[in-house]
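J.: The structure's right below; bear with me while I get my questions together.
The values are calculated or read from the model by the stated rules, or taken from the named source; none is laboratory data. Values in this document were obtained by computation on a predicted structure and should not be read as measured data. Please note: Cβ atoms are built from the backbone with ideal geometry, for glycine as well, and neighbour counts cover all protein chains shown. Quick note on the areas: whole protein, heavy atoms, side chains included, nothing else; ligands and nucleic acids left out. Shrake-Rupley method; radii C 1.70, N 1.55, O 1.52, S 1.80 Å.
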Amino acid sequence: MLLRRNRSCAVVPILAAIIIGLLSWSTLACTTIMVSQGASSDGFTSCSHANDCGSCSFQIEKIPAKDWAPGTMMEILHMPQYTDGYQRMEVHGEPTGRQIPQVPHTYGYVLGHFGYINEEAVGIGETTFGGRGGSSNANGWFEATNLTFLAMERAKTAREAIQVMGDLAVKYGYFDSGEQLSVADPDEVWMFEVVGPGPLWEQGDKEPGAYWVAQRVPEGHIAVAANCSVIDQIDWNDHDNFIYSSGIVDFATEKGWYDPSSNKPFSWRNDFCNAAPSYQTCQRRIWRVFTRVAPSLAATFDERNLPFSVPVDKQVSMSDIFALNRDHYEGTEFYMGDSITAGPWNNPRRYRGTLKFEGKSYDWQRTISVINCEHVCITQIRSGLPKEIAPVLWYGAGSASTTCFVPFYASVSNIAPTMNTKSGSHWDFTRDSYWWAVQSVNVIADLRWSLMIKDIEKMQDGYEGYAVRTQPAIDAAALELYKTDPKLAVEFLTNYCNRNVETVRDAWWSLLDQLIAKYHMGYIYDGGKVKKPVYSEEWVKLIRNGQDVRAK
């Protein structure tokens, strides 16, 4: 058994696992929202990934479907673990020399920081929760990123994707500590949580190389994960709503995490993952989404023990999901846009890791939308349409609050260079880039938030809102082409998506210029008039009550 091993050579993997764990915890910043078919306004399913990193890749590209000769092996790649502060997409990972058998056919999919959506209408989102300390394993071949790539290549349903990832992690070992992946197909949405086996596991061991559980989101419900384990009690006999690996309770018992004689039901999140509440950074984001989609139940929610999912009061649209990702706790006691720290322009956003006092570090209230977001990817998977049309990925560069979500049908044959080869990097600014156009507006918005965000929202409605409103017409045109020539339908959708994102890129560069011209020298230059902005009375009152002698 793992606990009874005593290997002198285990020191190196233990140290490596600790380092890996620290690196993983530094990235605990993503939110994923899962929408079941019955919870959406027109019967789609959805899962999302807000990639709140600051040192990760933001490019996306299309990986084509491919046939493979019998006996072909594929090399397992590891994504760089933030050692150089950046992951370049053209690398796709670092060679490891480890190989597994290739399948005869791999499906085409859209690849970003993770595998996001494939041509078979399977979508994935992500958030890290870390698991217990010491869960990582340096001998493991897989981590969440490359598991999602393989799920995209090999799965035609959400259940298949979960089984692909779970089986590979168990057989070859899970490298990281704890991860949550939301997985959707046209009919079902699941939450998948996977944890490493600890540092002593080695290839060939009889014990599993990972432990994992997946729970289905009930029809009409929305679930959320935000850097904390969510799955609670497992119904071991309900295979319609739970899928899991073997040995979970035995391992937790052996480790002393769970006592079967206690007559207490086993809890995956509490007993196995030790889900210590972190209200400010984790559970509060879940609570916030729940209160927005199910306000009738808001009084019953307890941040210390939130449910797995909630039934929605009103079915949500794609625009509603965009709005959830843009949330800063507006209208609640946790909103930071009306505090003295918001400045005179009511900025609700804060930079991470900036609070230091008397040798200690503090952090701000963690909102759903953050300024250090690489991109937000939201899948929209419809039933009743051909697979060339049904699955769509909505991509928003940078922070959700200032971005413009643009659609990419999963079937597209290619994705515009503005999204990948001409997208630049964190150290490579280029006006060819859609990401840099949005990010530039994101940066300048902090100067006059309450004023500039109104201009940004008008642009969002004019481009993002227009794409949502005209989607039925695009679908219908593609469907007519599909009836006579499916390849022509794919060509049409490819051209539409790529032209649209280039149009949005140019519009956001124009928006940047407009904001600079409109708000300079401390005035507002608009409609041929010069206006003098006035600090809000609420903010001035805060300053005066604080007895700031410089505010005379």
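J.: Just name the residue that is farthest from N241 (Cα to Cα) out of those in the stretch 175-195 that are modelled with pLDDT under 95 and open to solvent by less than 10 Å² (accessible area, probe 1.4 Å).
T.: Filtering first and then ranking leaves S177.
J.: Could you please find all residues in the stretch 424-441 being in contact (Cβ under 8 Å) with a residue 60 or more places away in the chain, under 20 Å from the mean Cα position of the chain (by Cα) and surrounded by 22 or more Cβ atoms within 10 Å (Cβ to Cβ)?
T.: The answer is Y434, W435, V438.
J.: Just for the stretch 525-537: of the residues that are in a strand (DSSP E or B) and of a type outside the set (S, T, Y), which one is surrounded by the most Cβ atoms within 10 Å (Cβ to Cβ)?
T.: Of everything passing the filter in the stretch 525-537, D526 is surrounded by the most Cβ atoms within 10 Å (Cβ to Cβ).
J.: Filter the stretch 225-239 for residues that are touching a strand residue (DSSP E or B) at 6+ places or on another chain (Cβ under 7 Å) and of a type in the set (S, T, N, Q); which is farthest from D271 (Cα to Cα)?
T.: The residue in question is N227.
J.: Which of the residues spanning the stretch 392-406 are over 16 Å from E61 (Cβ atoms) and out of contact with any Pro (no Cβ under 8 Å at 6 or more places or on another chain)?
T.: If the condition is that a residue be over 16 Å from E61 (Cβ atoms) and out of contact with any Pro (no Cβ under 8 Å at 6 or more places or on another chain), then G396, G398, S399, A400, S401, T402, T403, C404, F405 are the ones that fit.
J.: Say whether the condition of being farther than 27 Å from G71 by Cβ, assigned to a loop (DSSP other than H, G, I, E, B) and out of contact with any helix residue (DSSP H, G or I) (no Cβ under 8 Å at 6 or more places or on another chain) is met by at least one residue in the stretch 99-115.
T.: Step one: filter the stretch 99-115 for residues farther than 27 Å from G71 by Cβ, giving 110, 112-114.
Checking the rest, the ones that are also assigned to a loop (DSSP other than H, G, I, E, B) come to 112-114.
Filter once more, keeping what is out of contact with any helix residue (DSSP H, G or I) (no Cβ under 8 Å at 6 or more places or on another chain): 112.
Checked the stretch 99-115: at least one residue is farther than 27 Å from G71 by Cβ, assigned to a loop (DSSP other than H, G, I, E, B) and out of contact with any helix residue (DSSP H, G or I) (no Cβ under 8 Å at 6 or more places or on another chain).
J.: With open to solvent by 30 Å² or more (accessible area, probe 1.4 Å) and over 24 Å from N347 (Cα atoms) as the only criterion, which of A477, A489, A467 stands out?
T.: A477
J.: Determine the pairs where a residue that is charged (D, E, K, R), located within the stretch 200-226, has a partner that is assigned to a loop (DSSP other than H, G, I, E, B) and open to solvent by less than 10 Å² (accessible area, probe 1.4 Å) with Cβ atoms under 6 Å apart, the partner being 6 or more residues away or on another chain.
T.: The qualifying pairs are E219/S36.
J.: Could you tell me whether the stretch 515-524 includes any residue that is assigned to a helix (DSSP H, G or I), open to solvent by less than 70 Å² (accessible area, probe 1.4 Å) and in contact (Cβ under 8 Å) with a residue 24 or more places away in the chain?
T.: Yes, the stretch 515-524 contains at least one residue that is assigned to a helix (DSSP H, G or I), open to solvent by less than 70 Å² (accessible area, probe 1.4 Å) and in contact (Cβ under 8 Å) with a residue 24 or more places away in the chain.
J.: Would you pick out the residues in the stretch 161-184 that are hydroxyl-bearing (S, T, Y), within 20 Å of F251 (Cβ to Cβ) and touching a residue at least 40 places away in the same chain (Cβ under 8 Å)?
T.: Y172, S177
J.: Here are S361, S383, S339: which of them is out of contact with any Lys or Arg (no Cβ under 9 Å at 6 or more places or on another chain) and under 23 Å from I222 (Cα atoms)?
T.: On inspection, the qualifying residue turns out to be S383.
J.: Follow-up question, since we're still on this one. Quick one: would you say V540 is hydrophobic (A, V, I, L, M, F, W, C), part of a helix (DSSP H, G or I) and at pLDDT below 95?
T.: yes
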